[in-house]
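Taken together, the values in this text are just the output of simple stated rules run on the coordinates, not laboratory data. As the structure is a computational prediction, the values presented were derived from the model and not from experiment. Please note: Cβ atoms are built from the backbone with ideal geometry, for glycine as well, and neighbour counts cover all protein chains shown.
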């Protein structure tokens with residue numbers, strides 16, 4: 001039996017990740033936009049057909065063609081090359097409000113990306129685990145792309 005009890009713990013989500021990239025700040029920011037947008041793929045290499053309009057209020061969405069797709073979020077803030085922030089439901093198929101922040105800073109040997117995803121709404125334990133894994137895979141793609149690979 002699935003419990004429908006809603007507690008503060010299962011109505012809030014916070015994911016923090018740090019990604020160390022051996023590339024300059026500008027290169028890393030460009031790689032982030034590429035990976036979240038047209039370079040975004042499933043683990044088996046299939047394109048997700050993602051688009052980012054990289055300006056305040058711009059959309060982040062999955063374009064399935066023929067005016068079909070999935071809205072993920074709006075660009076809340078962008079300050080090249082140190083900040084990219086989104087607000088929206090993201091990929092949830094249930095009521096959820098999310099904020100995603102990427103803060104980039106120069107560190108010895110390259111760039112540090114501080115990632116934070118906070119959300120309000122019910123998220124099952126299974127979906128939480130998948131979100132952590134999904135973000136980690138996406139961030140690994142950013143790192144690889146910025147460091148000269150794909």
Quiz prompt | Inter-label distance, nm, simple model (7 Å from Cα along the C-beta direction), residue 129/residue 59 | solution = 3.4
Quiz item: So for the chain: antiparallel DSSP bridges make up what percent, rounded to the nearest 5?
Solution: 100
Quiz item: Based solely on its DSSP helices, what 222 nm [θ] is calculated for the chain when runs of n ≥ 4 H residues each add -39,500 (n - 2.57) and the sum is averaged over all residues, nearest 500 deg cm²/dmol?
Solution: -8000 deg cm²/dmol
Practice problem: Please report the relative contact order for the chain, taking Cα pairs under 8 Å with a sequence separation of at least 6, and give it as a percent rounded to a whole number. | Solution: 30
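Extension gain residue 108-residue 44, at 0.36 nm per residue separation less the Cα-Cα distance, in nm? Write out the running numbers ahead of the final one.
Details: separation 64, 0.36 × 64 = 23.04 nm, distance 3.31 nm.
Full extension from residue 108 to residue 44 adds 19.7 nm.
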Quiz item: Relative to the longest principal Cα axis of the chain, at what angle does helix 25-36 sit, 0 to 90 degrees, rounded to 10?
Solution: 40
